[in-house]
Amino acid sequence: MFDTLGERLNKALDGVRGSGNLTEEQVKKVTREIRLALLEADVNYGVVKEFVASVRERATGAEVSKALSPGQQVVKIVDEELANLMGSTAHKLSFASRPPTVVMLAGLNGHGKTTAAGKLALFVRKLGKNPYLVACDTYRPAAIEQLQQIGRELSVPVYTEGTGPKPEEIAERGIREARDGGYDFVIIDTAGRQVVDMEMMEEIRRVRNASKPHSVLLVLDVVTGQNAVEVAQAFQEYADFDGMVLTKLDGDARGGVALSVVSVTGRPIKFASEGEKMGEFDYFYPDRMAGRILGMGDVLTLIEKAEQQMDRTEAEAQGKKLMSGKFTFEDFLQQMQMIKKMGPLSGLLGMVPGLGKQLKDVEIDDRQLARVEAMITSMTIKERRNPKLLQNPSRARRIARGSGATQQDVQKLVKQFKEMQKMMAQMGKGGGIPRIPGLSGRR
Amino acid sequence: MARSWRSFFKRNTDEEQANGPVVASEPEPTTEDVEGNGHLSTDLEAVADKAAEAVPTAEEVQAERKEPAPADVWEADEIEPGEAEVSLPEPSAVEEVQDAESVAERQESEGWFGKLRQGLGRSRDSFVGQLNAAVAEFRDVEDEEFWERVEEILIASDVGVPTTAKLVGELEQEALESSITSGAELRELMIERATSMLEGPVELDVSHEPTVILMVGVNGTGKTTTIGKLSRFLPGTAMFAAGDTFRAAAIEQLQQWGERTGTPVVARERGADAAAVAHEAIHAARREGTDVLLIDTAGRLHTKVNLMAELDKVRRVVERQLPGAPHEVLMTVDATTGQNGLRQAQMFKEVAGLTGIILTKLDGTAKGGIALAIANEVGVPIKLISVGEKVEDLHPFDAREFAEALFGDL
C-alpha cells in the first residue's frame, strides 16, 4: 500500500548520481516525499510541517557522499533528525529510594492499560521487584476481573474494592496495603477516558494527587492517528505524565504517533508493548521506531554494515553481474558468505527497504541458508559456474549425498536459482524487487 | 433529523414469513461438522460433545496465544439442573431493561447530532475555525493556497492522503465547472461530496431466523461494549455468544452486559474454542427461537495469521451450521485510528467478509476521518457510530450528518 521512504526518495532522485550538492529542485522533490511518507505514517500534520522544514534546511546544499546514493543520503539526514527529536537511548526505570515505587497508568479507552499493567508487573519482577496491582477502573464492566485474572496468572496480588468507592480512595488505600505488605512496586490501573470528558479528566487528576506516583505513564495505541497530539496534551495537563507506553506494536501500523506525541509533549516513550503475551514488553528503543515510521527499515544500519563488510567497487561489480543474468552459484556463495558476516538473515532482510513488507509474514530460517550453502559447497567448481550441468540427475544425487540433502532439495535449489537469475536479469532491465528464492519461507 | 432506528433494521417481509424461516432443519453434516445425522438433540451433554467435535481443535490458535487447552465441559455456573445452558438474567434485571423503541425515542429527542458535534469537541472548534477561515478567504477556485488548506484540514482529521487527494480533486473540478464563487456554496459542495463518498447500504439485516451477527475487530476497539449496546435496539429477542475466550475477563464483561440488558449469554470457560462457542450458541438460539444472535470474538490484530485463521474458522463453522449466516459481519473501528485502519478493514474484509463498520469512540477529540478513507478505499459501508459510553450513544450512521459534523457549520 505504501512505498517506503527509501524507495520514494530513490525514485525522486532517480538519475542523480555521483558527487555534487543536492539542487534546490531535488530538495523540493525530496521534502515532498518525506512529507507524504510522514502523513501516511500518521505523524501529526503540524509536526510534519516543522520536521520537514528542518530536513529541508539540512538537505539543501548537502554534499552527496560517494559511498551513498543521494536517496540514502537524505534518509540519513531524516534519520538523524528523527533521532534528535526522539532521543536515541532507552529510558530505564528508576526506583524510589523509599519504596514502594508507585506508577500510575492513564489513557484512552481500549488502548491497553490493563494489559500493560500486568506486563509492567512481570517486567519489574524480572528486575527483582515485588509488584502489586491496584484496580481503579470502576467503570468498565469486568475491568476489575480482568486485572484479577491477570494477577492470578502472574501470581501478583491485586488490590480491589469493587466498583463502589472513588478511584482516588482505592488508590490511596491500595498503596498503603502494598507498603504494609512489603511490596516495593505499585502499579495503579485506571479507567479509560476520553479527554473531552471533563469529569473524568478531573478524576484522573484526583487519583494522581492522592497516589503521588513516582511515575505516570500514558498508554497509547500505536495506531492512533492525528488527534494523538490533542490526547497527549490533555493528559499532560490533567495527569502530568512523565513517559508513555506504546502498545500493540506487533501490528503493522507505522506508528507516526510516537513522533507526534514526543514532539509536542517533550515526554519520552519509555515502554514498548508488543503482543498479547505478558512477556512481550520492553524498554522503548527510539532508534528502532524511526525506521519503522518511515518504512525505511534500519536502512542506515544496513548501509553502514555493508560499507564495512564490502568493498564498494566489488559490490558494484557484483551488482552488475547480478543484473546481467550471468550470476553463478559461485557468486551466490560469495554473497551468502558476505551476508553471513552482516548478521542473521531475517534481521538483515527486514532492513532492506521494500523487502520488509514482503517478508513480514515470512519466517526466514538461517538454517535454511546453511543447507543451501552445504549444497553449493558440494558442487564442483564447474557445476557452480555452469548450473546447467546440474540437470544431470547423477550430479544432483552426488550433491545431495555430499550435503546431506535430498535429491529433490538439490533440484529445487537449481530451479529456484534459475528463477532468480531470470528475475535479476529482469530487475536489471528495471523491474521491481524480486522475491528471494532458495529461502522459501513459511507463511 | 437523525436516522431512525426503526428504518435501520431490515426485518422479515410477510412473504418470507409465509415461506417460513430460511433454514428449517440442520444442514447436511460434513466431515468437519457435527457427527450423527443432525436432528436436534435434547440431551445437553450430547450437544456439548457434538459441538466440541464439530470444529477443529484450537491448537494453532493456542500455539499463538499459549493459553491452557480448553476442556470440553460446560462452564459450571452456566448449567443449573433442568435449565438451558444459557445463563438467564435475573427477573429484576429484565424489568429494568428499557424497551428499545423508548430508548430510541428519548435519544432522538435529545438529538444525537448535537452530541456528535459536542463529542467532536474542542478540537473541532479549531478544525472548524480553520475551515471557516479558509472558506472566508476563498476567492476563486484557482487559488492553490486555498486548496492546500482544505487538504491540510482533511488530513488532520485522519482522512489520509489518497482519499483527501481524491476528494479535493473532485471538489476543485466541480467548483471550476459550476463556477462557484461563495464560501457557502463551496461548503455545501464539500458536504455533498463527502456524503456521497460515505453513503452505502446502512441497514442491518435482521430478517433471518435466527439472524446471526458476528462482531470482529482489533483489540480494544469496543466489540463487547457495542454488542451490549446494540442488543437494546434490536427488534425481537437477542442472545449473546461469548466468543472472546482469550482476553482476561472478556466473558465476564459480556455476561455483565447480558445482565444489564436482560440477554441470555452462551459461554464456555476461558481458553475454549471460539468456534465451539459459536456453534453451541447457534444451536441454543434455534432451540430458544431467538431472533438475533450476537457473537462476540476476541480482538485480534489483522497481521496475526493464526488469529485471522481462527476467525475464518468461526465464520465457516457458523456458515456450515446455518447456511447464509453470519448475516452481518460488523467490524468495530476506533475513531482515533489513523491510516492503519485501512489495512485493518482490508484484512478483516478479506477474511471475515465484512458487511459493515461500526465507528466507535467518536466522543473524543478524534474526527473519525478514517471512516471516509475506509468507505472510499475499502468499500465497506459504515453502519453504526458510537458517540459515548451510554447505551443510547449508539446510532445508525447517517452519511450526510457525519459529513456535516466533520465540516462543521461554516
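Extension gain for A:R401-A:E202 works out to 64.2 nm (0.36 nm per residue, less the C-alpha to C-alpha distance). Here the residues B:T211, B:T164, ranked from fewest to most Cβ neighbours within 10 Å of their Cβ, fall in the order B:T164, B:T211. Using only side-chain charges placed at the Cβ, +1 for Lys and Arg and -1 for Asp and Glu, the dipole size of segment A:171-242 relative to its Cα centre rounds to 220 debye. The modelled label-to-label distance between A:R58 and A:S97, using points 7 Å beyond Cα along the C-beta direction, is 3.8 nm.
How much length, in nm to one decimal, is gained on full extension between A:E419 and A:Q391, taken as 0.36 nm per residue of separation minus their Cα-Cα distance?
8.6 nm
Here the Kirkwood formula puts the hydrodynamic radius of segment A:101-294 at 16.4 Å, using every distinct Cα pair.
Evaluated with a Cβ-only charge set (Lys, Arg +1; Asp, Glu -1), segment B:158-309 carries a dipole of roughly 800 debye about its Cα centre, given to the nearest 20.
Can you give the convex hull volume of the alpha carbon atoms of segment A:122-208 per residue, in Å³?
Cα-based convex hull of segment A:122-208, divided per residue, equals 95 Å³.
For A:Q368 and A:S155, the difference between the fully extended length at 0.36 nm per residue and the C-alpha to C-alpha distance is 72.7 nm. When each of A:L154, A:L220, A:L390 is scored by the number of other beta-carbon atoms lying within 10 Å, the sequence from fewest to most is A:L154, A:L390, A:L220. Note on segment B:183-222: the alpha carbon radius of gyration divided by the globular reference 2.2 N^0.38 Å gives 1.94. For B:K10 and B:E177, a Förster radius of 35 Å and the Cβ-Cβ distance give a FRET efficiency of 0.40, rounded to the nearest 0.05. Taking Cβ atoms as reference points and 12 Å as the exclusive limit, the residues near A:Y183 contribute a net charge of +1, counting Lys and Arg as +1 and Asp and Glu as -1. Here each label is just a point 7 Å from Cα along the line to Cβ, and for A:R32 and A:A83 those points are 3.0 nm apart.
Sorted largest first, the principal axis extents computed over the alpha-carbon atoms of segment B:146-198 equal 28, 23, 17 Å. On the beta carbon distance between B:E377 and A:R288, with R0 = 25 Å, the FRET formula returns roughly 0.30. Placing +1 on the Cβ of every Lys and Arg and -1 on the Cβ of every Asp and Glu, with nothing else charged, gives segment A:101-294 a dipole about its Cα centre of roughly 420 debye. With the convex hull drawn over the C-alpha atoms of segment A:18-167, the volume per residue is 183 Å³.
Gyration tensor over the Cα atoms of segment B:347-403: the corresponding equivalent ellipsoid has semi-axes (square roots of 5 times the eigenvalues, largest first) of 20, 13, 10 Å. Here A:K382 and A:R125 are evaluated by their C-beta separation; at R0 = 60 Å the FRET efficiency comes out at 0.50. As a proxy for reagent exposure, A:M104, A:M278, B:M347 were ordered by neighbouring Cβ count within 10 angstrom, fewest first; the result is A:M278, B:M347, A:M104. Amide H to amide H, with H built 1.01 Å from N, B:V329 comes under 5 Å of B:L214, B:T355, B:G356, counting only residues 5 or more places away or on other chains.
Every number here is computed from the coordinates shown, using simple stated rules; none is lab data. These numbers were taken from a predicted model, which means no experiment stands behind them. Counting neighbours? That spans all protein chains shown, and the Cβs are built from the backbone with ideal geometry, glycine included.
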